[in-house]
Structure formats: C-alpha cells, structure tokens
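Structure first, then comments.
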Amino acid sequence: MPETPHVALVNDLCATSVLEMSILTHALFASPIGGHIKLIVGPAAMMTGLDVHGVSVSMMELGNGDAELLAQPVRCPGWPVCHTVQMPRRSDAASPAPA
C-alpha cells in the first residue's frame, strides 16, 4: 500500500455489534496502515445482509480533490458522513515520569 493519504470505509454486514465494530476500527487505526488513513466512512451498516456476522474494510488512496468530493452532502439518507481522522496526541500526563 502506498504511504499516501487514504480513506477507509468500514462496513458492518448487519449482525456485528457496535462494540465489535469499535474494536475493529480501533485495530485498523493501530495497524501499520492506520497512520495513512485521513478520512473514514463508518463504521456503519452500508451494505447489509440478513444476519450476516462480519465486516468489510475498503481502502482508497486519496487523489487531488477526493477529500472535498467525499465531504459533499448526498441525498441517500442511509449513507454515513465521511469524517476526518484526528489521531489523539499523547499528553505529558500520559507519559511516564522521568526517573
């Protein structure tokens, strides 16, 4: 995967719990590709089945203008908003004290 900005689409296939989707999304950001994800769509049920327990993760490299296009409103009421990813900063309080 190129080390360039990407958008991730995290899709619940219907029967995955909110907790499981949260754990999966957190693991995606903690993975080696997580630092390249600049936008995320989901986690949400976008393509569903009947009680299918599972997820799909789709990645797309962001080109010129893609982020602006993904931020545009759509008429489809079930489509989730595309969010900008902001990784939390480690505060000095979270760092171990010097010995």
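Quick note: the coordinates plus some simple rules give every number you see, no bench work behind them. What you are looking at is a predicted structure, and each value in this text was computed from that prediction instead of being measured. Quick reminder, even Gly has a Cβ in these numbers, built from the backbone with ideal geometry, and neighbours come from all protein chains shown.
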### Protection proxy ranking, peptides 64-76, 35-47, average beta carbon neighbours within 10 Å, highest first
35-47, 64-76
#### Entry: Cα gyration tensor shape for the range 6-87, rounded if a/c is under 1.5, else prolate or oblate
oblate
### Task
Calculate the radius of gyration of the Cα atoms of the range 3-50 to one decimal place, then report Dmax, the largest Cα-Cα distance, as a whole number, both in Å.
11.4, 36
### Task
Only bridges with both residues in the range 6-87 count here: give the DSSP antiparallel percent, nearest 5.
60 percent
